[in-house]
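The values are calculated or read from the model by the stated rules, or taken from the named source; none is laboratory data. Keep in mind the model is a prediction, meaning the values are calculated, not measured. As a convention, Cβ positions derive from the backbone with ideal geometry for all residues, glycine included, and neighbour counts pool all protein chains shown.
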Amino acid sequence: MKNFFSNIKGDAFGGITAGIVALPLALAFGVSSGLGPSAGLYGAIFISFFAALFGGTNTQISGPTAPMTAVSMVIIAGIIAANDGDINKALPAILIVFLLAGLMQVGLGILGLGKYIRYIPYPVVSGFMTAIGVIILITQILPSIGYYPKEDVEFVNQFKAQAEEVILENILKDEAGEGILVLENFKETIDRAEKISQEDILKESQTLAAKEASGTVGAIKVLPRALKNISWLELILALGTIFIIYGFKRITKSIPSTLVALIVMSGIAVGFGLDYRPIERIPDGLPQLRLDIFSGFKLGSITPYVFTALTLALLGAIDSLLTSVVADNMTKTKHKPNKELVGQGIGNSIAALFGGIPGAGATIRTVVNINSGGKTKLSGMIAGLLLLIILLGFSGIASQIPAAVLAGILITVGIGVMDYKGLKAIPNMPRDAKLGPFKLSSEVLIMLIVLILSAFWDLIFAVGIGLVIASLMFMKKIGDLTAERSDVKTLKEEVWSDELGFPDNLKEEVFIKHIKGPLFFGSTSDFQQLAAQIPDTAKTVILRLGRMQYMDQSGLYALEDMLLELRKKDVDFLFVDLLKQPRYMMERIDIIPDFIPEEHIFKTFDECMEWIKENIEDKH
């Protein structure tokens, strides 16, 4: 506790500054997610406070981040669509998924998996981060020019026929659920259909229109319509925000340029009484505990999202631990990865219970905290408390912020989150893979696959596919390298120094093979060629195994197959310098002693030579 309050002044200044930086981003990420600015603010408050309190990185500031929001946006849109476009019906299921992701993070920390996060390949992370930037940029074009698909009457009307079909389908489903036999009782169906109002059809049409225009592909589809319906006021507000964010940084970095842009552009819009579109109203008072997520809980509503929740948990873990490494480098300290995951999981779980979106350790906010004097966990907790004070005292003022200003802020976030280091390296990476007639860099190929699939198809599957491809390519490279070192050579091509005195008269009867490097799935094809190289005159094969440190199951069965094949030709084997791990593997399936008895295993080549001289006759 003494250490906790050892730097009150620095932590207070660091926490307040980080909280001020977090405010516009929290509101913007909330709007972007689809749950509204209050969800972003609630997430920032609870994650910042509890991740700092229970986490393993003293100076980390946590809250909604671009990657977490991008994945959350997909989850939210999917569950809302499955609930007839009704956000109130969908919200319990959405928050349960977020709660599940938080609990999974706690589980990852308890199981001690934090140290393994660093093994995720850089091209996968690079492609994913750049895709997040592309998604944010494309999806924020529409709000930055004041175009909202649900409000485009002509666009919405295109979905009326489909809306009527969906409503009728829902009536039939309801009747089936109630045990009404539709074919025997059309009257009930007709009665219910007659009660459908134009308002119901319009509402369903708006839901379908919003779904059609959602995500990167949806935004691109409606972009031509959006460009014909530009609101010049909204565009000017967004461009003004972007200009101030980049311009003010050139003047000073001591004051967050994002906050300056938010205050200046909102002040202009309100002060001049402009007819702009404000963000959704932020509710007054303390956030309410959402007990309805348990009372209305249905296992079937979240089962399809369990894998998604795990992805969200893993992404939050990667995001947070990367920020922890940055904090370590700046403060010359060492974070506790597993404790950090537990803290992040607790923060995300509590945020979900109060209707907040999930988050992670935020690099920019953490750097601001450290540079402003933050040194202990108190700084992150103060940042959360400051946001709570803003919520309680200034929610009415915050509700007047123009939506276009937050879109402008998000566009700068999208530009900033891209991995330019990875993009710049593309021309310089070695071209070590072939795709038809083209030579490409395997690292660049993985990055581009993850980038394209994440941006235009599915974030979650893209990362999984990227990891699988990266793992396969890594295994192939290691296999190729090992196979090069473990090449098959005859005695005539290479003779080791202790073999120089081998009796000339026995060279026809004895074949010596050197195994160099591990015998595993990558080198078994070369090893299998050994049987074909053994001359017909040789009835004894010496395998020198001192450099074969490791053998996997593929290598073990390749060896067994060769022994079986050559046993049929009455060929005997002698092992020299067999190491511990390969010996253990051979004993598991009884290669030793069934095929190779103990008296045929020698510690040195000299011992083997003595046995050869005593037991092998010169027949050729």
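Remarks
- Any hit, the range 466-486, residues being assigned to a loop (DSSP other than H, G, I, E, B), surrounded by fewer than 18 Cβ atoms within 10 Å (Cβ to Cβ) and either at pLDDT 80 or above or not assigned by TED's automatic domain parsing to the domain that holds Ala538 (or both): no
- Every residue from the range 307-333 that is surrounded by 12 or more Cβ atoms within 10 Å (Cβ to Cβ) and not in a helix (DSSP H, G or I): Thr333
- Complete set of residues in the range 390-430 that are in contact (Cβ under 8 Å) with a residue 12 or more places away in the chain, assigned to a helix (DSSP H, G or I) and polar (S, T, N, Q): Ser395, Thr412
- Residue match in the range 102-120 (condition: without any contact (Cβ under 8 Å) to a residue 40 or more places away in the chain, within 25 Å of Leu423 (Cα to Cα) and assigned by TED's automatic domain parsing to the domain that holds Ser324): yes
- If you filter the range 204-237 down to residues that are charged (D, E, K, R) and surrounded by fewer than 17 Cβ atoms within 10 Å (Cβ to Cβ), you find that the one that is farthest from Val166 (Cα to Cα) is Lys228.
- The number of residues in the range 279-306 that are surrounded by 17 or more Cβ atoms within 10 Å (Cβ to Cβ) and either in contact with a strand residue (DSSP E or B) (Cβ under 7 Å, 6 or more places away or on another chain) or closer than 17 Å to Ile409 by Cβ (or both) comes to 2.
- The strands (runs of 3 or more DSSP E) located wholly in the range 509-620 that include 1 or more residues which are among the polar types (S, T, N, Q) occupy 540-547.
- Phe573 vs. criteria over 21 Å from Ser497 (Cα atoms), aromatic (Phe, Trp, Tyr), touching a strand residue (DSSP E or B) at 6+ places or on another chain (Cβ under 8 Å) and touching a residue at least 40 places away in the same chain (Cβ under 8 Å): no
- The single residue among Ala532, Ala558 that is closer than 30 Å to Lys476 by Cβ, among the hydrophobic types (A, V, I, L, M, F, W, C), free of Cβ contacts under 8 Å to residues at least 24 places away in the same chain and not assigned by TED's automatic domain parsing to the domain that holds Lys477 turns out to be Ala532.
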